[in-house]
Amino acid sequence: MLITCKGIQKNGIHEKCPFIHDGDWGDSELTEHQNFHNSQESQNYSWLGFDTSQPIGKFSGRDGKSS
């Protein structure tokens, strides 16, 4: 599973983070990355967390058609 970092919000501006991890929840790389962002949290810095990609071949239920 691909897990990406959503980035940060710094001084009200969203900044992307290049972190991508191919693994599972609970892997040490995720914990280290989370700790990195948490150590920098302040009034002007907010970490947005992780996101996962949708597995290939799994349908979301949306086909783009209007009813």
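The values are calculated or read from the model by the stated rules, or taken from the named source; none is laboratory data. Given the structure is predicted, the values throughout are model-derived calculations rather than measurements. All Cβ positions, glycine included, derive from the backbone under ideal geometry; neighbour counts span all protein chains shown. These area figures cover heavy atoms from the full protein model, side chains too; ligands, DNA and RNA do not enter into them. Shrake-Rupley method; radii C 1.70, N 1.55, O 1.52, S 1.80 Å.
In the context of the full set of protein chains, segment 1-44 has a per residue accessible area of 74 Å² (1.4 Å probe). Counted residue by residue at 0.36 nm each, then reduced by the alpha carbon distance between them, the extension gain from LEU48 to THR4 reaches 14.8 nm. In this simple spin-label model, placing a label point 7 Å from the Cα along the Cα-to-Cβ direction at both ILE13 and GLU41 gives a separation of 2.3 nm.
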